[in-house]
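Please read the structure below before turning to the comments.
The values are calculated or read from the model by the stated rules, or taken from the named source; none is laboratory data. Keep in mind that this is a model prediction, so the values were computed, not measured. A quick note on method: Cβ atoms are made from the backbone with ideal geometry, for glycine too, and the neighbour counts reach across all protein chains shown.
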């Protein structure tokens, strides 16, 4: 037993260091760095869940070790130790404690989920994200000067071979309206720490405010067919001038207006 303990400690040290995580990565417990105003809320909820799990785990392991040490069978005696049954205080305790833990976790999850899924009546920008087998279309709706013909709006469409890039302006609220042309997909920008299902016949919504310039990876997080793994996209957070320039370039290429109900389902491109 004494020989195995150093080996177990060495194995734990290897597991902790082999991931290549830095000291700045460790507090996030596996999550990427948030790049939106809403991301830290998700991160705190993730960290709080881990803390609660570690506290409960430490308590349970402590009770198990305590029982093993102090209630082991004595070698000098052969009689069966006293058996305890129907201990109502203990039974009430291990019934009440899990209920308290679940209730506390439920409260914080419900509170944060309500904040994360709330949407404003007039966001700075609205993007209709259309999922289809097996890529994405982004309809940039014109919220500043809407007109019936939608002539100031623009759209971009990708393919499995050429994933599209979604442009977003920094420090401005963007509302995503998610629609699907065929089957259920899931819109996930990894560093946003936020994803939501894209369901046929249903318009799901959520909002983010990007806070860091850069290009971030996105993917479909719902198994949706043979080319699900190629259903990728990029999100590029830029300043407002570059954002407006990109939309003007889309309109100049003929990608003016929008594709309201998505596009025809595309087959696999090998």
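Some notes on this structure:
- Some residue of the stretch 161-170 being surrounded by fewer than 16 Cβ atoms within 10 Å (Cβ to Cβ), in a loop (DSSP other than H, G, I, E, B), in the same structural domain as residue 229 (by TED's automatic domain parsing) and over 22 Å from the mean Cα position of the chain (by Cα): yes
- Any hit, the stretch 223-240, residues being outside any loop (DSSP other than H, G, I, E, B) and farther than 30 Å from residue 30 by Cβ: yes
- With respect to the conditions (1) touching a residue at least 12 places away in the same chain (Cβ under 8 Å); (2) within 24 Å of residue 221 (Cα to Cα); (3) not assigned by TED's automatic domain parsing to the domain that holds residue 244, residue 105 falls short on a single one, namely (2).
- Number of residues in the stretch 209-222 that are over 18 Å from residue 130 (Cβ atoms) and assigned to a strand (DSSP E or B): the value is 5.
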